[in-house]
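Participant: This is the structure I want to talk about, given as structure tokens.
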Amino acid sequence: MRLKSWIKRRGPGIKGRFWKMMKCIRSGEQLRLEDMASSSESLATRDYSASYSSRAAEADIKVENSNIEEAESTLRESGYPRALLGRLEFQKGNIEAALHVFEGIDITSVTSKIKVSLSRRCEQNRRRSQSDAVPPMSMHAISLLLEAIYLKVKSLQGLEAAQSCKVILDTLESALPEGIPESVSADWKLQDILNKAVELLPELWKLAGSLQEPILSYRRALLYNWNLNMETTAKIEKEFAVFLLYSGSDASPPNLRSQVDGSFVPRNNIEEAILLLLVLLRKFAAKKIEWDPTIMYHLSFALSVSGEQRALAHQVEELLPGIMERRERYSILALCYHGEGEEIIALNLLRNLLNNRENPDCVLELLLASKICATNMICVDEGITYACKALSQLRGRCKQMASVANCLQGILLSAQARSVASDSERISKQTEVLEVLESAETMMRERDPSIIFYLSLENAEQRKLDAALYHAKQLLKLEAGSNVRSYVLMARILSAQKRYVDAEDVINAALDQTGKWDQGELLRTKAKLQIAQGQLQNAIDTYIYLLAIVQVRTKSLCSGKKL
């Protein structure tokens with residue numbers, strides 16, 4: 001129903017309220033509930049039965065018709081009634097009806113007027129002059145129309161929703177290229193819509209299936225001055241870091257408009273994510289945000305993937321007391337120093353943790369301590385004690401972890417057996433080693449290459465060559481020839497059986513499948529096999545080739561360090 005016909009039917013009483021509503025929208029004041037209650041519940045549907053007075057003069061009717069047509073045209077172009085009606089329908093839960101109403105708003109025309117209004121308002125504030133032209137829209141009207149666009153975004157799905165949400169940010173950024181001034185952000189309704197739109201846009205691009213657009217939206221949210229509060233900014237920084245770490249997309253380095261000379265620019269996803277997480281840690285240290293333990297989890301993953309265990313240890317050590325539990329702190333530090341090769345430091349940290357009676361269930365820490373002792377052959381007796389404690393705590397629980405504990409115990413018992421002076425005691429220990437390793441193999445749900453390797457190695461050291469060869473063949477089949485040490489082990493077992501030709505064939509097959517930088521151990525074994533066969537000249541040639549590879553690799557590494 002056209003606005004002019006509707007006002008005609010309502011009679012003179014509606015004209016006062018109509019012009020009052022127009023004045024309210026243009027001035028930015030809120031309509032009073034008493035006035036709205038006397039008007040329609042829906043601007044589009046309610047039928048009024050009041051009759052128009054037939055005594056009005058013809059001249060008055062013509063003037064009123066002209067005014068009504070002008071008001072109708074103004075309202076249609078401004079989009080205010082549709083914004084109000086659409087918000088009402090959205091609040092009622094009528095999403096389809098609200099979307100149908102919002103579709104009638106001319107977004108292009110509305111956004112252009114918003115840009116002009118905001119730019120003029122900022123110019124007036126800068127000049128402190130009231131002589132300039134009045135902006136075509138009040139702040140209340142701008143907030144109302146931007147809210148309509150935002151509610152339309154909430155009503156849409158997929159790519160269309162993301163594109164509509166982008167319109168809000170494009171409009172404000174185009175009108176205010178230097179950032180949102182305090183005069184604009186003082187309007188809490190507009191700032192609230194802005195906060196929600198900035199936070200929502202990356203999520204909409206994700207739902208639309210885009211990988212690059214969320215990255216651009218996150219960077220735009222953080223680099224442009226939106227006057228976001230600290231909690232919203234921290235939330236966006238964390239979500240951006242998580243997306244960079246786990247999305248699987250390769251982000252190009254950010255193009256910073258204002259960059260200080262010599263400042264750090266991240267080169268890939270991992271570096272950018274680490275930078276964001278470190279910024280969050282600094283904000284927490286300055287007591288600007290609340291502590292979020294997931295920040296440390298994501299930072300641990302990022303630094304571990306990039307091989308920066310020492311940097312992770314420094315970050316954990318810098319945390320204030322009470323932020324992280326003592327057990328968690330010591331475990332992470334032990335893992336970091338173990339990854340950096342600082343085995344004694346890692347073992348001492350684990351000792352401090354395991355000697356504390358307040359930590360009765362420390363299976364992972366016991367396994368790590370046992371592994372450090374087994375890998376480096378230090379404190380063998382202590383490592384056996386840790387493995388036995390882990391097995392006692394794992395009784396009837398996780399067979400996979402119990403298998404690992406048995407394997408570590410077997411490795412340590414083997415080292416202990418080699419240092420025993422008595423032959424009878426050594427044989428007893430060696431028998432126990434095989435029993436423990438075989439128990440570890442049977443407990444695994446799926447065959448573990450590491451356990452099979454140590455089982456084959458132990459049989460070979462005890463001169464049980466047939467069993468050792470059987471396990472070595474199983475190991476090669478399981479790993480599909482991907483590990484050099486499996487080829488070397490099999491060649492040595494064949495060499496112990498005096499099958500030098502077969503052993504050399506195994507090494508040659510491994511050389512064909514291995515890169516030059518990983519052929520060192522294979523070439524050394526091949527040269528030894530050639531010496532055992534009396535092929536001294538061939539062995540010399542093999543060593544010359546090995547030395548050439550070492551020399552080239554050394555030069556390339558040195559040049560790489562210089563670069």
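Here, each number is a calculation from the coordinates, and none is a lab measurement. Since we're looking at a predicted model, the values are computed, not measured. Counting neighbours? That spans all protein chains shown, and the Cβs are built from the backbone with ideal geometry, glycine included.
Participant: Please compare each pair in 115/154; 473/516; 166/189; 196/235 to a cut-off of 21 Å on the Cα-Cα distance and tell me which ones are over it.
Facilitator: Over 21 Å apart, Cα to Cα: 115/154; 473/516.
Participant: Continuing with the same structure: Suppose R0 equals 45 Å. What FRET efficiency, 1/(1 + (r/R0)^6) with r the Cβ-Cβ distance, do residue 470 and residue 304 give to the nearest 0.05?
Facilitator: E(calc), rounded to 0.05, equals 0.75.
Participant: Continuing with this model, one more query. Got a sec to turn the phi values of region 393-409 into Karplus ³J(HN,Hα) couplings, 6.51 cos²θ - 1.76 cosθ + 1.60 with θ = phi - 60°, whole Hz, x for Gly and Pro?
Facilitator: Whole-Hz 3J(HN,Hα) from phi for region 393-409: 6, 8, 4, x, 10, 9, 5, 5, 5, 5, 5, 4, 4, 5, 4, 5, 5.
Participant: If each residue of separation counts as 0.36 nm, what is the full-extension length gain between residue 216 and residue 123 once their alpha-carbon separation is subtracted?
Facilitator: Working it through step by step, the gained length comes to 30.5 nm.
Participant: Provide the packing ranking of 365-375, 109-119, 291-301, 521-531, i.e. peptides ordered by the mean count of other C-beta atoms within 10 Å per residue, highest first.
Facilitator: 365-375, 521-531, 109-119, 291-301
Participant: If you don't mind, another one. How big is D for region 308-349, in µm² s⁻¹ as a whole number, if Stokes-Einstein is applied with the Kirkwood radius of its Cα pairs at 25 °C and 0.890 mPa s?
Facilitator: In µm²/s, the coefficient rounds to 241.
Participant: What does the net charge come to around residue 339 if you take all other residues with beta carbon closer than 11 Å to its beta carbon, with K and R at +1 and D and E at -1?
Facilitator: Result for the neighbourhood of residue 339: -3.
Participant: Let me ask you something else. Rounded to two decimals, what is Rg over Rh for region 467-549 when you use alpha-carbon atoms and the Kirkwood radius?
Facilitator: 0.97
Participant: A follow-up question, please. Mind checking region 219-327 for trypsin sites (Lys or Arg not before Pro) that DSSP puts in a loop (not H, G, I, E or B) and that have at most 11 other Cβ atoms within 10 Å?
Facilitator: On the way: sites: 219, 220, 235, 238, 257, 267, 282, 283, 287, 288, 310, 326, 327; in loops: 257, 267, 287, 288.
Sparse-neighbourhood loop trypsin sites (Lys or Arg not before Pro): 257, 267, 287.
Participant: What spacing in nm lies between the two simple spin-label points modelled at residue 345 and residue 424, each 7 Å away from Cα in the Cβ direction?
Facilitator: 4.8 nm
Participant: Ok, one more. Sorted from largest down, what three extents in whole angstroms do the Cα atoms of region 505-559 have along their principal axes?
Facilitator: Taking the Cα atoms of region 505-559, the three principal extents are 39, 22, 12 Å.
Participant: Explain nothing, just compute: Karplus ³J(HN,Hα) = 6.51 cos²θ - 1.76 cosθ + 1.60, θ = phi - 60°, for every residue of region 290-302 in order, whole Hz, x for Gly and Pro.
Facilitator: Along region 290-302, the couplings run 6, 6, 10, x, 5, 4, 5, 5, 5, 5, 4, 5, 5 Hz.
Participant: Right, another one. In whole angstrom, note down how far apart the Cα centers of region 321-351 and region 466-513 are.
Facilitator: Region 321-351 and region 466-513 have Cα centres separated by 38 Å.
Participant: Moving on. Based on alpha-carbon atoms only, what is the radius of gyration of region 433-500 relative to the globular estimate 2.2 N^0.38 Å?
Facilitator: 1.05
Participant: Also: Quick one: putting +1 on the C-beta of Lys and Arg, -1 on the C-beta of Asp and Glu, what dipole do you get for region 415-544 around its Cα centre, in Debye to the nearest 20?
Facilitator: 280 debye
Participant: Return the ratio Rg/(2.2 N^0.38 Å) for region 384-442, where Rg is computed over Cα atoms only.
Facilitator: Normalised Rg, Cα atoms only: 1.15.
Participant: Moving on. For region 187-291, what ratio Rg/Rh do Cα atoms give with a Kirkwood hydrodynamic radius?
Facilitator: Radius of gyration over Kirkwood radius for region 187-291 works out to 0.96.
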